[in-house]
Structure formats: C-alpha cells, structure tokens
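Note sheet for the following structure.
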Amino acid sequence: MRPPGADTVLVRHADVGVKSGKVQAEMERRLRDNIEAIVRDRAVDAEVERRWSRILLHADEESVDAATDAAADTFGVQSASPALVVSAEKEAIVDALARTAREHRNSVGDTFAVRARRAGTADAHPFTSEDLEREGGAAVFEELPDPDVDLTDPDTTFSVECREKEAFVYTEQRDGPGGLPLGSQAKVVALVSGGIDSPVAAWEVMKRGAPIVPVYLELGDYGGPDHEARAMETVRRLAEFAPNYDMRVRKIPAGDTMETLAEEVGPARMLVYRRFMYRAAEHIAREADATGIVTGEAIGQKSSQTARNLGVTSTATEMPILRPLLTMDKSAITERARRIGTFRDSTIPAGCNRIAPDYPETNATAEIVDSAEPAGLYERAEEAAENATIVDI
Ligand code: ATP
Ligand code: MG
C-alpha cells in the first residue's frame, strides 16, 4: 500500500548511523553506490541521491515499487518506503494523508494511526508534529468506512516525515537486510559448497560489509556436476546482491585428494579433509588479499563440527576462520536460506558418493588427526589452490 502518486523511495540505513561523522559519510557514499548498482542491474528507472543522513530514490509511479525492492535488497539498508513528496505545509500534508486513506479505504484494516516527525529547529514550521498527527488523523478518519484509531498496534500506519521544505508521506516500510554497506570491510574467502549452510554464512558476512571471494572445492566422484552446479547457482544468487563486485568462483581441484583420503584415512577422514580445505582456502585468501575464511559450520551440526573437532581442525591455518552460523540451529539456517533465496538451489539432489566414514571421529585430538594425515597434505592443498580455475558465474 502506498500513497497515490508516490514516486520517491525513502531509505533508512542501519548500523551506518552509529559511526563517527567521517566514517558515516564514507559509508553513506558507499551505500548510495551499492543501491545504484542494484538499481542499474535490475534496469529499474530511478535516480539515487544522498541527502541528509538518508538516501532517496527518485523514480516514477510505475517504477517506485521495483525501486523500493532494490533498496530493500541492499546491505546496510534498514528499511525503505515508497513515498509521496509534498511541500512542507500542513494543508498539503493533511490532504496527502486524506487522499491516501481514500485510495485505500477498503484495505486499511480495522485500526489506523498517523505518525509524524519533523526535522529541523523548533520554529522551522508553523505547526508541530502533534498538529500533523491530530489534524491528519481527523482527515483520515473522515475517509474510512469504519474507522478506529489504535496508537499502539494499528493495522495501518500513515507516516509523515517533514523536512524543511518538503514532507514525505508513506504507509509502508519494507525491511532491508540491515548491516553495513558491502565494501566497507576487508574481503574474506567464503567456502561455498552449495549446501544449505554455506551460502547463508557468506550472505551474513556480506551483510556486515565484507565482500567475498567464493571458493568451491571440486571433489571428483565425491562431488560431481550437480554438486558443482548447486554451488554455482547459490553464488549466482548471492551475486544479485552485489552486482558491482567480482563474485567469480575459485574452483580448487580436490578430486584426487578425496580419493587418497577415502583410501588411506579412517575415522578422522572428514577432519583431514577440513584441514586440507582450510589450508587451500588460506592460500587463495593470501593471493586475493582476503583476511579470513568463512564457512557454514555450526557447533555440533555434524561429527566434523563438534566443539572439539572444530578446535582441532582450525589449527591448520593461522588465518581466522569466521563461522557466522556457529550457534544457529538448522531450522533457523534453513529459514534464512529461504528468505535469501538460496534454499531451492541448495537442495537440488547432487547424487555424489559419500566421503564421510561410517564411524566418524567426534572427539579428536591433535595427535589423532596428525597421525591420520597423509604425508604432504598441506603442500598438496597449496598446490591444489595454485591450480584453481576461475568460474564466471
Ligand atoms: P553446507 O554446510 O553448505 O550446508 P554441507 O552441510 O554439505 O554444506 P558441511 O559438510 O557441513 O557441508 O561442510 C561444512 C562447511 O565446509 C560448509 O558450510 C562449507 O563452508 C565448507 N565446505 C564443505 N565442502 C565444501 C566444498 N566442496 N567446497 C567449498 N566449501 C566446502
Ligand atoms: Mg553444513
């Protein structure tokens, strides 16, 4: 629901607002650029402008909905509202509220409220925000078939943001991802397997501003074309949130190592695999000037992810391993994957051989994993990383 004639998007940013002045200005510029990149990528007809501590999208009535969605898909955005802009005069604002109520008289619901805020000095306008709420509320009341005011939990909120010269009227606030603008943090490598977890983990660090270098380990018979396609599809989805970033996937050949592990390593096989994986990822990270390795691991989700095993496998690299899903339940991760839009591709059946042993080690020590490791594992990991190919998604 939006006011008739709404052609502007009012964007509110999230954690950007808690920064010092200089950092905030820099982040707002970045946020502006990132919104613009998504707007262009989707061929939405809108111009992006940074004004005060807000960002505005100037669209038209046809494109305002798509422009609002584009803003609400940008990391660092708290929420976005399609708004009607009128002059900062009480009559104009009250009239806009009344017209909005008239247009939507049958979909307002049982209860409504009018909320107004005014920016600027106390005497910037010859009216207060309370005046707007009272007179606007009365005007809306007149337009509705069976009006009822509820100031605590209304079905519909008619909102006004009044600035010095113009006022924004809106009824809808679309949630963005929150977080920080992409690019405001250093890059990290994201290990993406195409399962449900890893794309969500990658999305979480992107949300906090860190661009990702996606890395996929090609596992030969233990992976296969469908396994790989799944990983690539999920990265393609993530790339829609970052059209102005390089999201090509580094594909590391690991099929022969998997064969070796399947033949030579027993209960600690998955742990050895993890060490190989971290080590190869570290190599890519150094080359790409990335500062950490992101995985979709969570405590206890699998035998290789018990608290003890995470500790033992993590020693393979000195680079920080970032695990945004560490404490999350699978159901919550799955729900987030659906929301982000990676769930469907993550659940394509991959039909590959199983690498996990029948009786996996759940309580490893450094000695157990060390002695299970084939000689030269780390050299092998580095060589595999050297031989990585770049997949254009
Ligand atoms: P996901 O965790 O993505 O659902 P999964 O459950 O099949 O996939 P796990 O066995 O839980 O994967 O692996 C733990 C983490 O290790 C993954 O979240 C991912 O970050 C990384 N990982 C595992 N296999 C691969 C691979 N083939 N390529 C890249 N990363 C991988
Ligand atoms: Mg997993």
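Bear in mind that the values in this text are calculations on the coordinates, not laboratory data. A quick note: this is a predicted structure, and the numbers were derived from the prediction, not measured. Note that we place each Cβ from the backbone using ideal geometry, even for glycine, and neighbour counts take in every protein chain shown.
Name every residue in the stretch 228-242 that is near ligand 1 (Cβ under 9 Å from one of its atoms) and surrounded by 23 or more Cβ atoms within 10 Å (Cβ to Cβ), in order of residue number.
Ala231, Thr234
Considering only the stretch 191-225, state which residues are over 22 Å from Gln301 (Cβ atoms), more than 8 Å from ligand 1 (Cβ to nearest atom) and not β-branched (Val, Ile, Thr).
Residues satisfying the conditions are Gly209, Ala210, Pro211, Gly220, Asp221, Gly224, Pro225.
Which members of the stretch 362-386 meet the condition of being farther than 17 Å from Glu263 by Cβ and free of Cβ contacts under 8 Å to residues at least 24 places away in the same chain?
Those that are farther than 17 Å from Glu263 by Cβ and free of Cβ contacts under 8 Å to residues at least 24 places away in the same chain: Glu367, Asp370, Glu379, Glu383.
Sort out which residues of the stretch 2-25 are surrounded by fewer than 15 Cβ atoms within 10 Å (Cβ to Cβ) and touching a residue at least 60 places away in the same chain (Cβ under 8 Å), and write them in order of number.
Within the stretch 2-25, just Pro4 meets the criteria.
Which residues, taken from the stretch 48-73, are closer than 29 Å to Val18 by Cβ and hydroxyl-bearing (Ser, Thr, Tyr)?
Across the stretch 48-73, the qualifying residues are Ser53, Thr68.
Quick one: which residue in Ser193, Ser198 is within 17 Å of Leu322 (Cα to Cα), part of a loop (DSSP other than H, G, I, E, B) and among the hydroxyl-bearing types (Ser, Thr, Tyr)?
Ser193
Can you work out which of the residues in the stretch 142-160 that are touching a residue at least 40 places away in the same chain (Cβ under 8 Å) and outside any loop (DSSP other than H, G, I, E, B) is surrounded by the most Cβ atoms within 10 Å (Cβ to Cβ)?
Going through the qualifying residues, I end up with Phe158.
Using the structure shown, decide if Glu367 is under 20 Å from Arg279 (Cα atoms) and more than 36 Å from the chain's Cα centre (by Cα).
yes
Which count do you get for residues in the stretch 170-198 that are surrounded by fewer than 21 Cβ atoms within 10 Å (Cβ to Cβ), away from ligand 2 (no atom under 16 Å from the Cβ) and among the small types (Gly, Ala, Ser)?
So the count comes out to 2.
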